[in-house]
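Presented below is the structure to which this report refers.
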Amino acid sequence: MTKATIDINESKIKQYVEPLRSENQEIRTQLDFGYSYDGKIVEIYEIRPLWNNPAETQNIPFVKIRFYKSKQLWNLYWMRASGKWELYKPFSKSTCIDKIIGVIREDKHGCFFG
């Protein structure tokens, strides 16, 4: 979905992800962070080279935030080692994206950054 302007939610997500990225270009080639946002689903991911082909990169998602328009709620999910998304408990829902980002930043249970 292409937009002429960034909406306020995407702006907040970008403000969260940008400081995660290293300023050192050499480090960025080994580990970088990015996000995708389509208006209702956000995925925050690591960008790393493939172990068997360092010339190619892969995106490894570790955060998923989904907006349910009917409920006006954001739900927070984390990626289990099995590769399946799981609702982040005890705090999993909020009407405010800032609160969700605060929970990710705090990472109280080590689900996002280990």
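Would you work out the charge dipole size for region 72-114 about its Cα centre, treating the Cβ of every Lys and Arg as +1 and the Cβ of every Asp and Glu as -1, and quote it to the nearest 20 debye?
Result for region 72-114 is approximately 120 debye, rounded to the nearest 20.
I need the phi-derived Karplus couplings for region 64-79: 6.51 cos²θ - 1.76 cosθ + 1.60, θ = phi - 60°, integer Hz, Gly and Pro marked x.
Each residue of region 64-79 in turn: 10, 10, 10, 9, 9, 4, 5, 9, 6, 10, 9, 10, 10, 10, 10, 8 Hz.
What angle do you read, to the nearest 10 degrees and between 0 and 90, between the alpha-carbon axis of helix 97-106 and the longest principal axis of the chain?
Tilt relative to the chain: about 50 degrees.
Counting only other residues whose beta carbon sits under 14 Å from that of E18, what net charge do I get with K and R as +1, D and E as -1?
Net local charge, E18 excluded: +2.
Among residues other than K108 whose Cβ falls under 14 Å from its Cβ, what is the net charge (Lys/Arg +1, Asp/Glu -1)?
The answer is +1.
With 10 angstrom as the radius, rank Y88, Y77, Y68 by how many other C-beta atoms surround their C-beta, starting from the fewest.
Neighbour counts put them in this order, fewest first: Y68, Y77, Y88.
Could you pull out the trypsin sites (Lys or Arg not before Pro) across region 1-89 that fall in loop regions by DSSP (anything but H, G, I, E, B) with no more than 11 other Cβ atoms inside 10 Å?
Answer in residue order: K3, K69, K71, R80, K84.
With N residues in region 52-93, what two-decimal value do you get for its Cα radius of gyration over 2.2 N^0.38 Å? Walk me through the intermediate numbers first.
Details: Rg = 14.1 Å, N = 42, 2.2 N^0.38 = 9.1 Å.
Rounded to two decimals, the normalised Rg is 1.55.
Placing unit charges on C-beta atoms (Lys and Arg positive, Asp and Glu negative, everything else neutral), compute the dipole magnitude of the chain about its Cα centre in debye, rounded to 20.
Using only the charged Cβ atoms, the result is roughly 640 debye.
Find the eigenvalues of the gyration tensor of the Cα atoms of the chain, then list the square roots of 5 times those eigenvalues as equivalent ellipsoid semi-axes, largest first, in whole angstrom.
24, 17, 13
Between beta-carbons, use under 14 Å as the cut-off and find the net charge around F67, counting Lys and Arg +1, Asp and Glu -1.
+3
Please determine, in degrees from 0 to 90 and to the nearest 10, the orientation of helix 8-17 with respect to the longest principal axis defined by the Cα atoms of the chain, where the helix direction is its Cα long axis.
40
Every read-out reported here was derived from the displayed coordinates using simple, explicitly stated rules and does not represent laboratory data. All of these numbers come straight from a predicted model, not from anything done at the bench. As a convention, Cβ positions derive from the backbone with ideal geometry for all residues, glycine included, and neighbour counts pool all protein chains shown.
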